[in-house]
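I have placed the structure first, in the form of C-alpha cells, so that the comments after it can refer back to it.
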Amino acid sequence: MAGLDRSNALEGAALLVIDVQDSFVQRPYWPQRNNADFERNVARLIDAFRAGGRPVIFVLHSQPDGPFAKDGPHYKLMDFIERRPAEPLVHKTTRNCFTSTDLLPILLRSGVQRIVIAGIQTEQCCETTARVGADLGFAIDFVTEATLTFPIPKSDAPGAEVLSTAEIVERTEYVLRGRFARIVTVAELETEFPVSVAG
C-alpha cells in the first residue's frame with residue numbers, strides 16, 4: 001500500500017476524523033488550544049470527501065469517567081459536525097484508533113489504501129494513529145491544519161517550562177514526514193480531487 005498512486009485522490013482514500021468531541025471543551029486547558037481554523041478545515045475535508053463519494057469515518061475516545069465517559073452528556077461529536085447515518089462511528093479506549101476498535105476491518109471492507117488524518121490531539125491520538133496506520137501498510141496523509149493541540153508542561157513540577165503548541169506541531173511534522181506520513185494541507189488535498197469536487 002505504501003506505493004499507492006496519488007494521481008487520483010479518490011482512489012482508495014478515506015477521511016479519519018479523530019476525537020472531535022465535546023469532551024475536550026470541558027477540559028480546563030481548552031482555551032489554550034491552537035489552530036483557530038480547526039473547525040473550518042475539518043468541515044472542508046468532510047465536505048470534499050462526501051462530495052467525492054469516499055468514506056468519512058468518525059472516532060470518539062472514551063474513558064471510565066469524566067467528560068470522556070461514554071454515558072455522559074459530552075461524549076458526542078462537536079456541534080459543527082453532522083454525521084450521516086452511513087458514516088461509521090468508532091469508539092476507542094487507546095491513543096491510536098486501531099488497537100481497541102474494529103477500524104481495520106472497516107477500512108479493508110471499504111477497499112481503503114490511503115488514510116487522511118484530522119482531529120484532536122495533533123501529537124497524541126492523531127500522530128499515534130498515523131504511525132500505526134503506516135506500519136499496517138496504509139499510505140497516510142497528515143493534515144496538520146485540520147488537527148489541534150494544547151501546551152504541555154515539560155515536567156510535573158509546579159511552574160515547569162511548557163512545550164508550546166508551535167513546538168509540538170513542529171516536532172510531530174518532523175517525525176512523521178518522510179517516515180510515516182505525507183504532511184499535506186487542506187488546499188493541497190482539494191486540488192487532488194476532481195474539479196467538480198474541489199470547486
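Just a few scattered comments:
- The set of residues from the stretch 100-115 being touching a strand residue (DSSP E or B) at 6+ places or on another chain (Cβ under 8 Å), modelled with pLDDT of 95 or more and either outside any helix (DSSP H, G or I) or of a type outside the set (A, V, I, L, M, F, W, C) (or both) comprises 100, 101, 102, 112, 113, 114, 115.
- Note on the stretch 121-140: residues that are free of Cβ contacts under 8 Å to residues at least 60 places away in the same chain and in a strand (DSSP E or B) total 1.
- Single match in 14, 118 (criterion: of a type in the set (A, V, I, L, M), within 15 Å of the chain's Cα centre (by Cα), in a strand (DSSP E or B) and over 23 Å from residue 165 (Cβ atoms)): 14
- Filtered residue count, the stretch 53-82, keeping only those that are of a type in the set (Lys, Arg) and in contact with a Leu (Cβ under 6 Å, 6 or more places away or on another chain): 1
Residues checked against (1) in a loop (DSSP other than H, G, I, E, B); (2) aromatic (Phe, Trp, Tyr); (3) closer than 30 Å to residue 111 by Cα:
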residue: 31; (1), (2), (3): no, no, no
residue: 35; (1), (2), (3): yes, no, no
residue: 41; (1), (2), (3): no, no, yes
residue: 47; (1), (2), (3): no, no, yes
residue: 50; (1), (2), (3): no, no, yes
residue: 54; (1), (2), (3): yes, no, yes
residue: 60; (1), (2), (3): no, no, yes
residue: 63; (1), (2), (3): yes, no, no
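- Answer from 74, 91 - the residue that is surrounded by 12 or more Cβ atoms within 10 Å (Cβ to Cβ) and either farther than 15 Å from residue 25 by Cβ or among the β-branched types (Val, Ile, Thr) (or both): 91
- Test for residue 57: is it farther than 18 Å from residue 183 by Cα, touching a residue at least 40 places away in the same chain (Cβ under 8 Å), of a type in the set (Val, Ile, Thr) and touching a Cys at 6+ places or on another chain (Cβ under 9 Å): yes
- All of (1) surrounded by fewer than 16 Cβ atoms within 10 Å (Cβ to Cβ); (2) part of a loop (DSSP other than H, G, I, E, B); (3) among the aliphatic types (A, V, I, L, M) hold for residue 25 with one exception: (2).
The values are calculated or read from the model by the stated rules, or taken from the named source; none is laboratory data. As the structure is a prediction and not an experimental result, all values here were calculated from the model. So basically every Cβ, Gly included, is an ideal-geometry build from the backbone, and we count neighbours across all protein chains shown.
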